[in-house]
1. If you roll a 1.4 Å probe over the heavy atoms of the protein chains, what accessible area per residue do you get for chain B, in Å²?
2. What is the helix-to-structure angle for A:12-40, meaning the angle in degrees between its Cα long axis and the longest Cα principal axis of chain A, kept from 0 to 90 and rounded to the nearest 10?
3. In terms of the Cα gyration tensor, with a ≥ b ≥ c the square roots of its eigenvalues, is chain A rounded because a/c is under 1.5, prolate because a/b exceeds b/c, or oblate?
4. How about the range A:141-187: which trypsin sites (Lys or Arg not before Pro) there are in a DSSP loop, with at most 16 other Cβ atoms within 10 Å of their Cβ?
5. Residue-wise, which Karplus ³J(HN,Hα) couplings in Hz belong to the range A:64-73, taking 6.51 cos²θ - 1.76 cosθ + 1.60, θ = phi - 60°, and x for glycine or proline?
6. Using a Gaussian network model of chain A with C-alpha springs under 10 Å, which one of A:F37, A:F116, A:F64 is most mobile by mean-square fluctuation?
7. Could you tell me which residue out of A:I27, A:T134, A:V84 lies farthest along the dipole of chain A toward its positive end? Charges go on the beta carbon: Lys and Arg +1, Asp and Glu -1, centred on the Cα centre.
8. Report relative contact order for the range A:73-142 in percent, whole number only (criteria: Cα-Cα under 8 Å, sequence separation at least 6).
Amino acid sequence: MAEAISSAGQSPGKRIESLWARSMAGIILAMLGVIVFTSAHWGLHPPSTVETIDSTSLHKGGEFSEANLGTLIAPDGTAVVRVVAQQFSFVPNCLLVPAGVPVRMRLASADVVHGFLVQGTNVNAMVVPGYVTTVRTKFSGSGEHLMPCHEFCGVGHQAMWAHVRVVEAANFPFDEAKTKGVSCARQ
Amino acid sequence: MDTDNEEARVAQIVAQGPTGALVVAAAAVAIVIAIWIAFYLFAFLPRGPIG
């Protein structure tokens, strides 16, 4: 049948293959177009920065020293959430963030590759030793989200998770958060 | 004689082209695209901005 030449000059097999190739190319281009539009118009895209840090000395001071961990309000009003990921916990393990405020999460690993996602949101990234992971987002309503480690990091990986507690802006301690990192971790 | 008739009938059906296969393929592709669009509209976009 493939050898039969139709009056149109092309064999039916070739016509169907051509139709299939054109359809698939069209679908792939349409999907790429949606992805590009999402990034360009909505501003939604995977976070992409390369920032290095010395993972072996996080505890000795610098950006990820203990007083800076948790949520600090930057001068421009952004809530900067700093978290250390280690085997097998996030520090702090309960993150307090205000709703409706731009949030910048910054994570560093003290040992191996970890990952995290905030359930119910598009926050999803890896935390690689030697690098700082930055994710910018905004939480719309109050609530509590689970934030598990989603990259196998050793025998305790399945028990490694934090919570992200989003509170209404009125209930967030903005004044305290301007000087010291706040969190809802039990002290 | 019977097999001759049968072969002629088969040749006639085959000559009409693989429309059935095309319908199955098109349905499968449509389902996949519909699921992709559903995830995009109802799961990804509602989950908020990321950057």
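1. Details: 3950 Å² over 51 residues.
Result: 77 Å² per residue.
2. It is inclined by approximately 20 degrees.
3. Values: a/c = 3.23, a/b = 2.34, b/c = 1.38.
It is prolate, given that a/c is not under 1.5 and a/b is the larger ratio.
4. Taking the range A:141-187 and a limit of 16 other Cβ atoms within 10 Å, the loop trypsin sites (Lys or Arg not before Pro) found are A:K178, A:K180, A:R186.
5. Ordered by residue, 3J(HN,Hα) equals 9, 5, 4, 5, 8, 6, x, 9, 10, 8 Hz.
6. For chain A, modelled as a Gaussian network with Cα springs under 10 Å, the answer is A:F37.
7. Farthest towards the positive pole: A:I27.
8. Relative contact order here is 32 percent.
The values are calculated or read from the model by the stated rules, or taken from the named source; none is laboratory data. These numbers were taken from a predicted model, which means no experiment stands behind them. FYI the Cβ positions are ideal-geometry reconstructions off the backbone, even for glycines, and counts take in every protein chain you see. Only protein heavy atoms, including side chains, enter the accessible area calculation; ligands, DNA and RNA are left aside. Shrake-Rupley method; radii C 1.70, N 1.55, O 1.52, S 1.80 Å.
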